[in-house]
1. Being of a type outside the set (Lys, Arg) and either closer than 14 Å to Phe209 by Cα or touching a Ser or Thr at 6+ places or on another chain (Cβ under 8 Å) (or both) is the filter here; which residues of the stretch 168-187 pass it?
2. Among the hydroxyl-bearing types (Ser, Thr, Tyr), crowded, with 17+ Cβ neighbours inside 10 Å and more than 30 Å from Thr3 (Cα to Cα): is that true of Ser155 in this structure?
3. Looking at Cys316, is it within 11 Å of the ligand (Cβ to nearest atom), modelled with pLDDT of 95 or more, in a loop (DSSP other than H, G, I, E, B) and surrounded by 11 or more Cβ atoms within 10 Å (Cβ to Cβ)?
4. Inspect the stretch 64-81 for any residue being in a helix (DSSP H, G or I), surrounded by fewer than 22 Cβ atoms within 10 Å (Cβ to Cβ) and within 14 Å of the chain's Cα centre (by Cα) and give the result as yes or no.
5. Could you tell me whether any residue of the stretch 242-252 is surrounded by fewer than 17 Cβ atoms within 10 Å (Cβ to Cβ), over 23 Å from Pro180 (Cβ atoms) and either away from the ligand (no atom under 15 Å from the Cβ) or under 25 Å from the mean Cα position of the chain (by Cα) (or both)?
6. Mind checking whether some residue in the stretch 235-247 is of a type in the set (S, T, N, Q) and without any contact (Cβ under 8 Å) to a residue 40 or more places away in the chain?
7. If you check Ile136, Ile120, which single one turns out to be β-branched (Val, Ile, Thr), assigned to a helix (DSSP H, G or I) and farther than 17 Å from Ile175 by Cβ?
8. Tell me which of these Met295 doesn't satisfy, since it passes every other one: (1) touching a residue at least 24 places away in the same chain (Cβ under 8 Å); (2) within 13 Å of the ligand (Cβ to nearest atom).
Amino acid sequence: MTTPLLEITDLQKKFPIKKSWLQPQSYVHAVDGVSLTVREGETVGIVGESGCGKSTFGRCVLRLLEPTGGEVKFQGENYLKLPRRAMHSIRRNMQMVFQNPYDTLNPKLSISRILAEPLIAHGIPRDQHRQMMEEIIEIVGLTPAHLARYPHEFSGGQRQRIGIARALMLKPKLIVADEPVSALDVSIQSQILNLLTELQEKFSLSYLFISHDLSVVEHISDRVAVMYLGEIVELADKNSLFADPKHPYTQALLSSVLSTDPDASRERIRLTGELPSPANPPKGCKFHTRCHACMEICKTEKPALKKLEDGTMTACHLY
Ligand code: SF4
């Protein structure tokens, strides 16, 4: 078996909560022991409600936030052990696309300056910049004439194309895309998703695709990981997960999505209550306070993530 491009083992991120000096230090477990692999050319979707830890997970994978535990191997090398300055060469292969490109594009810089920044940071000779920028800007569906313009002159969809162009400048192998289409109109969303799919084929890219939107994740992913309170509760290939979700949380998420198929007869499962605080998660199964299938054992014993016969991984006492 070939080594996965990205291999994440027991990744953890804890944020300390300041309390009075009389009380013991406590923590928010934003990412709580996530293990996952991403193969070359594969898209792994990460879904879950807002606050489930998926964006923190994406940032920890790129070490934009420093994880508090676990391993992340890129092509077999655990780069969490490297000093931060040694991350420079690894970052060339791993880039991020953000939710709102306007927040991450400096309004004072022209598009050519924005696209040149990663080239300068990685020591690409200046005489190659113009040609590389023109090549990438055309690949993302804009023109070389756009290089002289400024971010405010573009629509939301065009800005996201520029954000994608910036991520592509160094020809990375992996892109972590954090809600890349959720700030866009539905008609523009499909254009950007199609662009990401075309780029994947052209450059053999791998994506870690983070979204709260199940229909978007269904469109683009090969496999899907469902997160709840910092943990993966189900991991399966896309077709199995959407046809036959195993975990009650996945079932509830899917049943809340309106189907475009008039013959589809999915039973509606109401997800009641708020997401509990990750600073004080429920004991046993973290989902038990909202689960329609909760049993006594669920309140005290945490279910392990285990592999079922059809290859789905799920963390639930029902299996
Ligand atoms: Fe529900 Fe129990 Fe399964 Fe948790 S372990 S999802 S509470 S049935």
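1. Leu174, Ile175, Val176, Ala177, Asp178, Glu179, Pro180, Val181, Ser182
2. On the way: among the hydroxyl-bearing types (Ser, Thr, Tyr): yes; crowded, with 17+ Cβ neighbours inside 10 Å: no; more than 30 Å from Thr3 (Cα to Cα): yes.
Criteria not met by Ser155.
3. Criteria met by Cys316.
4. Within the stretch 64-81, not a single residue is in a helix (DSSP H, G or I), surrounded by fewer than 22 Cβ atoms within 10 Å (Cβ to Cβ) and within 14 Å of the chain's Cα centre (by Cα).
5. Of the stretch 242-252, the ones surrounded by fewer than 17 Cβ atoms within 10 Å (Cβ to Cβ) are 243-244.
When the remaining residues are screened for being over 23 Å from Pro180 (Cβ atoms), the result is 243-244.
Adding the requirement that they be either away from the ligand (no atom under 15 Å from the Cβ) or under 25 Å from the mean Cα position of the chain (by Cα) (or both) leaves 243-244.
Yes, because at least one residue in the stretch 242-252 is surrounded by fewer than 17 Cβ atoms within 10 Å (Cβ to Cβ), over 23 Å from Pro180 (Cβ atoms) and either away from the ligand (no atom under 15 Å from the Cβ) or under 25 Å from the mean Cα position of the chain (by Cα) (or both).
6. Taking every residue of the stretch 235-247 in turn, at least one turns out to be of a type in the set (S, T, N, Q) and without any contact (Cβ under 8 Å) to a residue 40 or more places away in the chain.
7. Answer to the check: Ile120.
8. Of the numbered conditions (1) touching a residue at least 24 places away in the same chain (Cβ under 8 Å); (2) within 13 Å of the ligand (Cβ to nearest atom), the odd one out for Met295 is (1).
The values are calculated or read from the model by the stated rules, or taken from the named source; none is laboratory data. Owing to the predicted nature of the structure, the values given are computational and were not obtained by experimental measurement. We place every Cβ from the backbone using ideal geometry, glycine too, and count neighbours over all the protein chains shown.
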